[in-house]
Amino acid sequence: QQDREGPSYKEEERHRNEIKDRDPLVVLREEPRLPAVIGVQVMAGAVINPGAKIGANTIINTGAIVEHDCDIGPHCHISLGAALAGRVSIGECCHVGMGANVLQEIKIGSIVTVGAGAVVTKDVEDGKIVVGVPAEDING
């Protein structure tokens, strides 16, 4: 249980309130454990469930869903309508395209691009570009 009087909790609460004030359509579940990280943007209609960790300078775009216990590295973009199932891990400097789906417990490396509408069913190594259903590396 977090200390509800400590600076960490107060900073987290302030961050949550700033997000809600900026856009009332954003849905933050109870106790999402989002740290107050510089540069994180959560857009209208995005849903971030409990236990999610989001790195600095990351954008969670309109209508995106980040399920429980996901870990998103810094400098990432989760595009419009993309969905990350529970316990997905994404490295730094990644882009998940519009409407893409990443299935539960998938690990995506750093500097990866997931194409729009792709369905990621297996882990993706660093530096890959994956597209399609199921998602495959464009370079074979």
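So, ASP137, is that one farther than 13 Å from CYS70 by Cβ, touching an Asp or Glu at 6+ places or on another chain (Cβ under 9 Å) and not hydroxyl-bearing (Ser, Thr, Tyr) or not?
It is true that ASP137 is farther than 13 Å from CYS70 by Cβ, touching an Asp or Glu at 6+ places or on another chain (Cβ under 9 Å) and not hydroxyl-bearing (Ser, Thr, Tyr).
Looking at HIS95, HIS77, which one is within 30 Å of LYS10 (Cβ to Cβ), buried (at least 19 other Cβ atoms within 10 Å of the Cβ) and modelled with pLDDT of 95 or more?
HIS77
Can you go through ILE111, ILE72, ILE65 and tell me which one is open to solvent by 60 Å² or more (accessible area, probe 1.4 Å) and under 9 Å from the mean Cα position of the chain (by Cα)?
Only one candidate passes the filter, namely ILE65.
Any chance the range 5-14 includes a residue that's at pLDDT 60 or above, within 16 Å of the chain's Cα centre (by Cα) and surrounded by 14 or more Cβ atoms within 10 Å (Cβ to Cβ)? Break it down stepwise before answering.
First, pick out the residues of the range 5-14 that are at pLDDT 60 or above: 8-14.
Of the ones still in play, those that are also within 16 Å of the chain's Cα centre (by Cα) are none.
Scanning the range 5-14, I find no residue that is at pLDDT 60 or above, within 16 Å of the chain's Cα centre (by Cα) and surrounded by 14 or more Cβ atoms within 10 Å (Cβ to Cβ), so the answer is no.
Would you point out the residue of the range 117-131, among those that are open to solvent by 20 Å² or more (accessible area, probe 1.4 Å) and out of contact with any Leu (no Cβ under 9 Å at 6 or more places or on another chain), that is nearest to ILE60 (Cα to Cα)? Please lay out each step first, then the result.
The initial filter retains those residues of the range 117-131 that are open to solvent by 20 Å² or more (accessible area, probe 1.4 Å), namely 117, 119, 121-123, 125-129, 131.
Subset that is out of contact with any Leu (no Cβ under 9 Å at 6 or more places or on another chain): 117, 123, 125-129, 131.
Values: GLY117: 16, ASP123: 21, GLU125: 22, ASP126: 21, GLY127: 21, LYS128: 21, ILE129: 20, VAL131: 20 Å.
Selected residue: GLY117.
The values are calculated or read from the model by the stated rules, or taken from the named source; none is laboratory data. Being a predicted model, the structure only gives us computed values, none of them experimental. Positions of Cβ are backbone-derived with ideal geometry, glycine not excepted, and every protein chain shown enters the neighbour counts. Heavy atoms of the whole protein, side chains included, go into the accessibility calculation; ligands, DNA and RNA do not. Shrake-Rupley method; radii C 1.70, N 1.55, O 1.52, S 1.80 Å.
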